[in-house]
Amino acid sequence: MEKILYNRLYNFCMSNKIISDYQCGGIEKRSTIPHIVYMIEKAHSFSMSNHASPSKGRASYEKCVIVLLDVSKAFDKVDRLLLLQKLLRSGVSMKFSNIIAAYLSERMQTTKVGTFESSPMKTTSGIPQGSALSMLLFIIYMNDVIENLNNVDVTLFVDNVGLIFYGKNAKQVMLTMSKILGTLHKWSRKNYIVFDSSKFQIIDISKYKIQHTN
């Protein structure tokens, strides 16, 4: 049953181009390698443009900063009602969305502490982990995270978000970064998602010398 649901939803998403091109995870012919390669290529492009002569018409930036974000307890944070609304907005039929709702509503969980294990209880939020269908549902849930992200390059890998900022100086980069992170914070509150502060990373590409080969 789960595999049938996954195949139908996946084929619908692919044929209707529902999934963002920035998403590298959970999609055939996309993987973590393009996710990493994209950021490396952008960093390389920054370095090349920074060393290009003005006559070539390339924009010259002094600063290039990569910010990496990771969603905390990703699948557990999914709001099921909001997920179903996103499915419908993506063009998924009401009938199929109701089947997904039924699939999610039958989930049970127990809590174990030492040798004690609680009685099974029906879950009211989140989606199960460990299946292709769950990953696809989460990708659809995260799909609109890129909306309203201007003046920044974005790459996604399931529950990871990579942001690449450019600027003439540190102040310009910081202003753009503050605005973008503020937009993401509003999105996360609206979507009941929490970014893991312990995994928040800032990489200043400007500090590194990138060797170029012809």
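Pairs from the table (Lys77/Lys179; Lys73/Lys179; Lys95/Lys179; Lys17/Lys186; Lys168/Lys190; Lys86/Lys171) lying more than 28 angstrom apart at Cα are Lys95/Lys179; Lys168/Lys190; Lys86/Lys171. Applying 0.36 nm per residue to the separation of Lys186 and Leu82 and subtracting their alpha-carbon distance, the gain on full extension is 35.9 nm. With R₀ set to 25 Å, the beta-carbon distance separating Phe195 from Asn150 gives a calculated FRET efficiency near 0.80. Using 0.36 nm per residue and subtracting the Cα-Cα separation, the extra length available between Arg89 and Ile203 on full extension is 37.5 nm.
Provide the FRET efficiency to the nearest 0.05 for the Glu62-Phe96 pair, computing r from the beta carbons and using R0 = 35 Å.
Working: r = 50 Å, r/R0 = 1.44.
Step by step, r from the Cβ atoms, then E = 0.10.
Just so you know, all these numbers are worked out from the coordinates, no wet-lab data involved. Keep in mind the model is a prediction, meaning the values are calculated, not measured. Virtual Cβ from ideal backbone geometry, glycine too; neighbours counted across all protein chains shown.
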